[in-house]
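The values are calculated or read from the model by the stated rules, or taken from the named source; none is laboratory data. All values derive from a computational prediction rather than experimental measurement. Note: ideal-geometry Cβ built from the backbone for every residue, glycine included; neighbour counts use all protein chains shown. Note: areas computed on protein heavy atoms with side chains; ligands, DNA, RNA excluded. Shrake-Rupley method; radii C 1.70, N 1.55, O 1.52, S 1.80 Å.
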Amino acid sequence: MTDYQYTVVDRFLRYVQIDTQSDPQSPTNPSTEKQKDLSRVLVAELHAMGIADAELDEWGYVYATIPANTDKADVPTICFCSHVDTSPDVTGAGVKPIIHAHYDGTDLVLPDDTAQVIRVVDHPDLAEQIGNDIITASGTTLLGADNKAGVAEIMDAANYLLTHPDIKHGRIRLLFTPDEEVGRGTEKVDMAKLDAQYGYTIDGESLGTLEDETFSADAVSIQIHGVSTHPGFAKGKLENALKIAADLLSSLPKDHLSPETTEDRHGFVHPTRMDGNQDQATVEFIIRDFTEVGLLEKETYLQNQLNEVLKQYPNSSATLTVHQQYRNMKQVLDAHPAVVENALEALRRSGLSARQRSIRGGTDGSRLSFMGLPCPNIFAGEHAFHSRQEWVSVQDMQHAVDVIVNVAQVWEERSS
């Protein structure tokens, strides 16, 4: 693949320097206009490849088509999807990517904040990267591998397919979304325009992994109405909404039911934001479980905790509102086994040990699956998401490009 106009690494290093951080508090679509800065770059590059229909819509979505080059008429249209935004948790402005060539297995100290040390003991996947080239940020920002690694890999695979017509494939649609990190990545997707039968997000972690199961997810907002009065005359009257919120948070268990105390298939109740004053306060949560029954149990638990806390504040009230975010994609994918089987075959053809697993999170594919596009998640090589210690290896990204190309080829070969 040395005949690319740009290598996947060249693309990635350019993309991460464009600030595309999304904003969960913004009501607009996309939540930040700066996400379109990268999307416009992608459209220009796709046009330069010869993809005439590449477009950026008003909502910040990029659509493009790689035309079929096979004589077979029944090859399904497949879609490859990644998101352009980065997490609101850590700044994405002024990213300075660093390539640590020929990684030797030692801890990586990031130069602009030497307190940021990527320790092998904390990142066991580094043990598989000896001799590879590791890319990190400089210590004061996240890197943006989530999900600009996936964006770069899809772009490079598109270029490869277009310059290698000997690789036969059906019609391929490309989709780059905004606002995945704030749970709104598919909110304005035009499924009729997308016009694909199956899809793959390129947004996973370790080399060789394919994720066909996600959490089911809801957001919960609790609006607390206290009793406000002048603090100088408050005895027996004041019921401080902020203290009610604090009591609710303090009532949550310390040894289970939280992200920091759970793993594998155990879900959690996780407070993400609190603000207000003594009169009114809002507490926001995310609720996660692999089953909808487990999701409902956790929401009921939170309501019961709130009711118990309010017994101490007889003149106050609160409203708990649940907003559905996404559901476990496995419910859909099990009805479409070819979309997973073909990806596993592509991983094997790329010389990888295919690992099928669940993810303690969600992707755009979680929602797309329920919108009519069965869509598992293929690795992009990104690690330590949403942190200043985020990293990705050059070689893993190159493998991901191979897998994308092979997925397209497998679908063509297995069609009659």
Would you please name the residue that is nearest to the chain's Cα centre (by Cα), looking only at residues in the stretch 368-412 that are of a type in the set (D, E, K, R) and surrounded by fewer than 24 Cβ atoms within 10 Å (Cβ to Cβ)?
Arg388
Flagged in the stretch 34-79 as basic (Lys, Arg), part of a helix (DSSP H, G or I) and within 19 Å of Ala408 (Cα to Cα), in numbering order, are none
Please state which one of Gly208, Gly185, Gly150 is under 18 Å from the mean Cα position of the chain (by Cα) and more than 21 Å from Cys79 (Cβ to Cβ).
Gly208
Subset of the stretch 142-166 [surrounded by fewer than 24 Cβ atoms within 10 Å (Cβ to Cβ) and not hydrophobic (A, V, I, L, M, F, W, C)]
Tyr160, Thr163, His164, Pro165, Asp166
Selection status of Asp203, surrounded by fewer than 17 Cβ atoms within 10 Å (Cβ to Cβ), within 30 Å of Val41 (Cα to Cα) and of a type in the set (D, E, K, R)
no
Evaluate the following for Glu297: is it modelled with pLDDT of 95 or more and in a helix (DSSP H, G or I)?
yes
In the set Leu257, Leu306, the lone residue that is in contact (Cβ under 8 Å) with a residue 24 or more places away in the chain, closer than 23 Å to Lys237 by Cα and open to solvent by less than 60 Å² (accessible area, probe 1.4 Å) is Leu306
Using beta carbons and a limit of 6 Å, which pairs, at least six apart or on different chains, have the first residue in the stretch 327-346 and farther than 18 Å from Arg367 by Cα and the second one open to solvent by less than 10 Å² (accessible area, probe 1.4 Å) and not small (Gly, Ala, Ser)?
Asn342/Val410; Ala343/Leu210; Ala343/Val407; Glu345/Val410; Ala346/Val403; Ala346/Val407; Ala346/Val410
Checking Leu42, Leu56 in turn, the sole residue that is free of Cβ contacts under 8 Å to residues at least 24 places away in the same chain, open to solvent by less than 70 Å² (accessible area, probe 1.4 Å), within 23 Å of Pro88 (Cβ to Cβ) and not charged (D, E, K, R) turns out to be Leu56
Could you tell me whether Asp146 is in a helix (DSSP H, G or I) and under 19 Å from Ala408 (Cβ atoms)?
no
Selected residue (only one of Thr70, Thr77, Thr106 is open to solvent by less than 50 Å² (accessible area, probe 1.4 Å), hydroxyl-bearing (Ser, Thr, Tyr), at pLDDT 95 or above and out of contact with any strand residue (DSSP E or B) (no Cβ under 7 Å at 6 or more places or on another chain))
Thr70
Inspect the stretch 106-122 for any residue being out of contact with any helix residue (DSSP H, G or I) (no Cβ under 8 Å at 6 or more places or on another chain), of a type outside the set (A, V, I, L, M, F, W, C) and closer than 29 Å to Phe176 by Cα and give the result as yes or no.
no
Can you tell me which residue in the stretch 319-366 is nearest to Ser87 (Cα to Cα), limited to those that are open to solvent by less than 40 Å² (accessible area, probe 1.4 Å) and among the hydroxyl-bearing types (Ser, Thr, Tyr)?
Thr363
Every pair of residues 6+ apart whose Cβ atoms lie under 9 Å, when the first sits in the stretch 120-138 and is in a loop (DSSP other than H, G, I, E, B) while the second is open to solvent by less than 40 Å² (accessible area, probe 1.4 Å) and hydroxyl-bearing (Ser, Thr, Tyr):
Ile130/Tyr103; Gly131/Tyr103; Asn132/Tyr103; Asn132/Ser393; Asp133/Tyr103; Asp133/Ser393
What single numbered condition from (1) touching a residue at least 12 places away in the same chain (Cβ under 8 Å); (2) touching a strand residue (DSSP E or B) at 6+ places or on another chain (Cβ under 8 Å); (3) in a loop (DSSP other than H, G, I, E, B) fails to hold for Lys237?
(1)
